[in-house]
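Read through the structure below, which is laid out as structure tokens, and then see the notes.
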Amino acid sequence: ADLSLLMRTGERSSEVFDALLERGQVVVHASEVERTASLAAIGANRACDGADDGDQLVIADTRDQVAELNAAIRDRRHDVGEHPGRSGERSGERSGEFVTRRGERIGHGDRVATRRNDRDLGVANRDTWTVAGIGQYGGMLVTGRAGQRALPAEYVHEHVELAFTTTAYGAQGETVDSAHFALGETTGAASAYVAMTRGRDSNTAHLVAESIDDARSQWVEVFSRDRADLGPGHAAQRAAD
């Protein structure tokens, strides 16, 4: 709780980093490839344990990172490329998949999000679901906390996306047992604060750095920009700008 308050205000960020590092809640990776592989393993384990149990959450800084991690997690879950394809399948493809407008492949058991409110279908933007079945023409049966929904192919194609990973903005309001956050050069303090306070038991920051000192410098820089709690005067100025 004390560390969360310090992250909110951006104070003593170097001390916060050292405290998290000592607790094992900062992981330094040698490369972006290594970090992606590590987070993909975490996300895949969560998905296999149950998509809606609220156990773990993987958070990334940008939509591009989210898309990359979603694909990596999905491939790891489905072992894409590790086993010979069945007759008529190309490498990386499985029968019963649906390809969305964004080029994402969605299959049975994947965790997805609906991205447009539709009262008739009973879905809302950012609701998360598990794919329970895919029809011959791309219609989809999904299950979630709100129950079961049947989504037509057109809605799936335009407004459904993989949801193994989310941005900090998308994670607002979520509470899970543990959260893992890919902190990068574009991360602001507000996003880092949100991402590092989603977990009840633990919140882990994953950085790409050459050394611990380099990682600490990145952390301090993040909490020196776009701080979450700079007061109404600063907010008014930002709005005016």
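The values are calculated or read from the model by the stated rules, or taken from the named source; none is laboratory data. Given the structure is predicted, the values throughout are model-derived calculations rather than measurements. Methodologically, a virtual Cβ is constructed for each residue, glycine included, from the backbone with ideal geometry; neighbour enumeration extends over all protein chains shown. Areas reflect the complete protein model, heavy atoms only, side chains present, ligands, DNA and RNA absent. Shrake-Rupley method; radii C 1.70, N 1.55, O 1.52, S 1.80 Å.
Answer with yes or no whether residue 131 is touching a helix residue (DSSP H, G or I) at 6+ places or on another chain (Cβ under 9 Å) and modelled with pLDDT of 90 or more.
No.
Report, ordered by the first and then the second residue, all pairs with beta carbons closer than 6 Å, sequence separation of six or more or different chains, a first member in the stretch 159-183 that is under 12 Å from residue 59 (Cα atoms) and of a type in the set (Asp, Glu), and a second member that is modelled with pLDDT of 90 or more and surrounded by fewer than 24 Cβ atoms within 10 Å (Cβ to Cβ).
Going by the 6 Å Cβ cut-off, the qualifying pairs are 174/198.
Which one of these is among the charged types (D, E, K, R), in contact with a helix residue (DSSP H, G or I) (Cβ under 7 Å, 6 or more places away or on another chain) and at pLDDT below 90: 12, 8? If you could, list the steps in order and put the result at the bottom.
Numbers: 12 fails: at pLDDT below 90.
Among 12, 8, only 8 is among the charged types (D, E, K, R), in contact with a helix residue (DSSP H, G or I) (Cβ under 7 Å, 6 or more places away or on another chain) and at pLDDT below 90.
It is to be established whether one or more residues within the stretch 65-75 are β-branched (Val, Ile, Thr) and either at pLDDT 90 or above or in a helix (DSSP H, G or I) (or both). Give the steps one after another, and end with the answer.
Just the residues of the stretch 65-75 that are β-branched (Val, Ile, Thr), to begin with: 66, 73.
This time we only want the ones that are either at pLDDT 90 or above or in a helix (DSSP H, G or I) (or both), so: 66, 73.
The answer is yes; a qualifying residue exists.
Taking only pairs six or more apart or across chains, which ones have beta-carbon atoms under 6 Å, a first residue in the stretch 118-141 that is among the small types (Gly, Ala, Ser), and a second residue that is exposed (fewer than 13 other Cβ atoms within 10 Å of the Cβ)?
From residues that are among the small types (Gly, Ala, Ser), the pairs are 124/117.
Is it true that some residue in the stretch 155-165 is under 13 Å from the mean Cα position of the chain (by Cα), over 19 Å from residue 20 (Cα atoms) and among the polar types (S, T, N, Q)?
Taking the stretch 155-165 first, the residues under 13 Å from the mean Cα position of the chain (by Cα) are 161-165.
Next cut, over 19 Å from residue 20 (Cα atoms) only: 161-165.
Filter again for among the polar types (S, T, N, Q), leaving 165.
Yes, the stretch 155-165 has at least one match.
Among the listed residues 176, 208, 222, identify the single one that is out of contact with any Lys or Arg (no Cβ under 9 Å at 6 or more places or on another chain) and of a type in the set (Val, Ile, Thr).
Working: 176 fails: out of contact with any Lys or Arg (no Cβ under 9 Å at 6 or more places or on another chain); 208 fails: out of contact with any Lys or Arg (no Cβ under 9 Å at 6 or more places or on another chain).
Only one candidate passes the filter, namely 222.
Can you pull out the residues in the stretch 123-150 that are out of contact with any Ser or Thr (no Cβ under 7 Å at 6 or more places or on another chain), open to solvent by less than 20 Å² (accessible area, probe 1.4 Å) and not small (Gly, Ala, Ser)?
131, 140, listed by residue number.
Can you find, within the stretch 191-206, the residue that is nearest to residue 166 (Cα to Cα) among those that are of a type in the set (Gly, Ala, Ser) and open to solvent by less than 40 Å² (accessible area, probe 1.4 Å)? Can you show your working first?
So the first thing to find is which residues in the stretch 191-206 are of a type in the set (Gly, Ala, Ser), and the list is 191-192, 195, 199, 202, 205.
Checking which are open to solvent by less than 40 Å² (accessible area, probe 1.4 Å) leaves us with 192, 195, 199, 202, 205.
Numbers: 192: 13, 195: 10, 199: 14, 202: 17, 205: 15 Å.
Filtering the stretch 191-206 for residues that are of a type in the set (Gly, Ala, Ser) and open to solvent by less than 40 Å² (accessible area, probe 1.4 Å), the one nearest to residue 166 (Cα to Cα) comes out as 195.
Looking at 182, 153, 209, 168 in this structure, which one is surrounded by fewer than 21 Cβ atoms within 10 Å (Cβ to Cβ), under 30 Å from residue 123 (Cβ atoms) and of a type in the set (A, V, I, L, M, F, W, C)? Don't jump to the end; show me each part of the working.
Numbers: 182 fails: surrounded by fewer than 21 Cβ atoms within 10 Å (Cβ to Cβ); 209 fails: under 30 Å from residue 123 (Cβ atoms); 168 fails: surrounded by fewer than 21 Cβ atoms within 10 Å (Cβ to Cβ).
One residue alone meets the criteria, 153.
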